[in-house]
Structures are given as C-alpha cells and as structure tokens.
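Here's the structure we're looking at; comments come further down.
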Amino acid sequence: MKSYWQNIQLIAALGIVFFGNITYSPQLWAQSVTSRSASLKFTPPPPPPDRGAAGDRGGAASRGCGIGNQSLMALVPKYEQTLSREKTEEISITKVWGLTTAEYPTFWFFVPYQNSSIAAMEFVLKDESTQPSQTVYRTPLIIPEIPGIVSVRLPATTAPLQIGKMYHWFFKVRVKCNPQQPTKLEYVEGWVQPTNLNSAAIARLKQVTPQERIALYVENGIWYDALTALAELRIGNPKNTVLAADWTSLLKSVGLEHLAAQPLINCCSPK
C-alpha cells in the first residue's frame, strides 16, 4: 500500500512539472519572438565609390510648417564619406542610396505637413547613366489627408529598372504655410540600384514566411525590398506588436527611429 501511494505522489509531482512547463513555455516563446524582433538590424552594404549617389534624405529642422518642426524625410540609408579630391584636399559627401531586387520598386517618405499646407507633390526618377540624363518617370501625386509616411510605387507602365544601373529619384513638395507668401519647395533626393540575389537566397525566398522574407532581405543588404515588405505587413496588421518592434528596429538601424511612431498612410498614387 505504501508503495502504491508513493507511486501516486510521484505521478502527481511529474504532472506539476509537466503542466508548469506548459504554463510558462508560451511566455518564453513570446520573449524569444520579441528578442528576435529586436535584432532585426539592417547593415548597409558599401555605397558606390567616388562621388556616386550623393543626395539629401532630409533631417534638418523644417523650413515649412511641419508637425513638431519636423522635416520632409526619405526612408533610406545615408552615408557620410570623406573623399580626397587632390593630394591636400578632402571633401565631405553625403550619399543616399539603397539596393532593390524589384523591377518596379516602392519608395517611402515622411511628409510632416498638413493637407491644407501642401500646394503640390511630385516624384521624379532619372537614369543618369547617359548624358544627358533621361527621365524614366515623373508624376504629380495625390496629397495625403494627414501627416505621415507615404509610398510611391513605380508603375508597371514604365520601363523596368535594369540590373546594375543607378537611378536618381526626387520627391518634391511645394509647401504654402502662409497664404500671404509664395510656396516653398521642399525636396529630398537619393538613389536606387537594382541587383540580383544569389541563387541560395533566391531558393530560400520560396520557402520562408513573410517575416522571414524581410530578414532575408536585411541579411543581404536589400533595403528597399525589406522596408516595403515590412511596411505592407504593418499596414495589414496595424496592432501586431512584433511587427511594430521589427519596424522600430529596422528604422533605428539606419538612424530613423524618430519616425517609427508615425502613421503609415495609404497614399500617394499619381494624380
């Protein structure tokens, strides 16, 4: 009889351990997901050499009437480089540049202005591999209803971007804060370069989840694709805290964490 009760006590003890593990394992899994999310860090690949890809992604105090004195910004990495022009002279250049695997990529911008303060918006994409440069795409844009992060997708009606070429983009906003004064032109500019993933990465893309796809782009330095894939997931799942953490981590890795809380707006299509 004693042996019987000892066995019962042993089974009960094992049950407590087993069910205790079941109770805590989801919490541990959630912590693991959060930790993995926080590690989504983009490491920009080396930018083009010499003076290629010079641009301006924004960042100075707004000269217009942006919310919180914020400025127009492009969501893209920037590089500060010092180049030698002559033996005794050095010049500082800001490069604004990223890679894409898409023939028709999407570009993302933070527009801090109220709808009533924007007179016009325009996006321009140029191929500067030839002289004179050729305008690939130019379009006026519908003005967003509220300040926030907007996107511009290169339409399939244009010629697809070619691997290895450098394309120069401009995002322009004409701001009219005071009806008694003329409009002011605010703009950001940068570069996009199409590239191919290696065969191993292409094979992995066919087997991964949407979030793993983003991580794959990050690992391979493909900025525009990683940002677009994550932004689209966030728009479809605005209350997902893991995606929100991923978004903050990705922007922080390129010095744009101050934009992480800005709303993603379903805008801006051509007029």
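The values are calculated or read from the model by the stated rules, or taken from the named source; none is laboratory data. Bear in mind that the values here come from a model prediction, so they are computed numbers and not experimental data. Please note: Cβ atoms are built from the backbone with ideal geometry, for glycine as well, and neighbour counts cover all protein chains shown. The protein model used for the area step is the full one, side chains on, heavy atoms only, and it has no ligands, DNA or RNA in it. Shrake-Rupley method; radii C 1.70, N 1.55, O 1.52, S 1.80 Å.
Among 248-259, 133-144, the peptide with the highest mean count of other Cβ atoms within 10 Å heads the list, and the full ranking is 248-259, 133-144.
Do any of Lys95/Lys126; Lys172/Lys252; Lys126/Lys172 go past 23 Å between their Cα atoms, and which? Violating the 23 Å limit, Cα to Cα: Lys172/Lys252. For region 119-160, the average shadow cast by the Cα convex hull is 4.1 nm², which is a quarter of the hull's surface. The ratio of the alpha-carbon radius of gyration of region 93-247 to the globular-protein estimate 2.2 N^0.38 Å is 1.16.
Sorted on the mean count of surrounding Cβ atoms within 10 Å across their residues, most packed first, peptides 66-78, 153-165 read 66-78, 153-165. The modelled label-to-label distance between Ala102 and Glu145, using points 7 Å beyond Cα along the C-beta direction, is 2.3 nm. Structural size metrics of region 64-170, computed from C-alpha coordinates, are Rg and Dmax of 16.7, 52 Å. Other residues whose C-beta falls under 14 angstrom from the C-beta of Ser133 contribute a net charge of 0, scoring Lys and Arg +1 and Asp and Glu -1.
Counting Lys and Arg as +1 and Asp and Glu as -1 over every other residue whose Cβ lies under 15 Å from the Cβ of Gln114, the net charge comes to +1. Between Glu80 and Gln181, the contour length at 0.36 nm per residue exceeds the alpha carbon distance by 32.9 nm.
Protein heavy-atom surface of region 183-267, 1.4 angstrom probe: 50% of the accessible area is carbon and sulfur, with nucleic acids and ligands not counted. Can you tell me how region 130-199 classifies by the Cα gyration tensor, rounded, prolate or oblate, using a/c under 1.5 as the rounded cut? Judged from the Cα gyration tensor, region 130-199 comes out prolate (a/c at least 1.5, a/b above b/c). What shape does region 179-219 take by its C-alpha gyration tensor, where a ≥ b ≥ c are the square roots of the eigenvalues and a/c under 1.5 counts as rounded, a/b above b/c as prolate, and the rest as oblate? Taking the square roots of the gyration eigenvalues as a ≥ b ≥ c, region 179-219 is prolate. Taking the Cα centre of region 199-271 as origin and assigning +1 to Lys and Arg Cβ atoms and -1 to Asp and Glu Cβ atoms, the resulting dipole is close to 180 debye.
With q set to 0.11, 0.21 Å⁻¹, the log10 of I(q)/I(0) for region 164-236, from the Debye formula over equal scatterers at the Cα positions, is -0.46, -0.96.
For region 188-271, the normalised intensity computed at q = 0.12, 0.24, 0.25, 0.26 Å⁻¹ comes to -0.41, -1.30, -1.34, -1.38 (log10 of I(q)/I(0), Debye sum over alpha carbons, equal scatterers, no solvent). Applying both filters, DSSP loop and at most 12 other Cβ atoms within 10 Å, to the trypsin sites (Lys or Arg not before Pro) of region 190-225 gives Lys206.
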